[in-house]
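The values are calculated or read from the model by the stated rules, or taken from the named source; none is laboratory data. Everything numeric in this text was worked out from a predicted model, so none of it was measured. Every residue, glycine among them, receives a Cβ derived from its backbone with ideal geometry; neighbour counts consider all protein chains shown. Heavy atoms of the whole protein, side chains included, go into the accessibility calculation; ligands, DNA and RNA do not. Shrake-Rupley method; radii C 1.70, N 1.55, O 1.52, S 1.80 Å.
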Amino acid sequence: QVQLVESGGGLVQAGGSLRLSCAASERALSTYTMGWFRQAPGKEREFVAAISLTGLTLYADSVEGRVTISRDNAKKVVYLSMNSLKPEDTAVYYCAARPSRLYSIRATDYNYWGQGTQVTVSS
């Protein structure tokens, strides 16, 4: 069982930046593909970014160029750095883990989830 705890969310003005963190309980985090998803009120959960075991990254078109996902396996932490934030980025952001070498944009492919952290971008 992997436990994930997100942090770093908050209120920021449009154009601002935030860095989200996801701390994992699993000592072997390096064996998990990690992803970030978000869910806005009244909308379905959507893919944001993923990072594979080897550090390959994948981003949703809506955040490409503004977001960077990274991982520090020694510290058991995954990060999501977000720049040039827009009001439409407002959502609860979730960290997820998948015990696979392959990343996925489908939420159903991830086995473990954090509780989420709220990001609110004001215009």
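Annotation for residue 43 and residue 101: the two label points, set 7 Å from Cα along the Cα-Cβ direction, are 3.4 nm apart. Among the protein heavy atoms of the chain, carbon and sulfur supply 47% of the accessible surface, probe 1.4 Å, non-protein parts ignored. When +1 charges are put on Lys and Arg Cβ atoms and -1 charges on Asp and Glu Cβ atoms, the dipole computed for the chain relative to its Cα centre reaches about 280 debye. Taking every C-alpha pair closer than 8 Å and separated by at least 6 residues, the mean separation divided by the residue count of the chain gives a relative contact order of 37 percent.
Straightening the chain between residue 54 and residue 109 buys 18.0 nm, computed as 0.36 nm per residue apart minus the Cα-Cα spacing. Pairwise Cα separations in the chain fall into 10 Å bins from 0 onward with the following percentages, short to long: 15, 51, 29, 5, 0. The GluC sites (Glu not before Pro) of the stretch 42-123 that DSSP puts in a loop, and whose beta carbon has at most 16 other beta carbons within 10 Å, are 44, 64.
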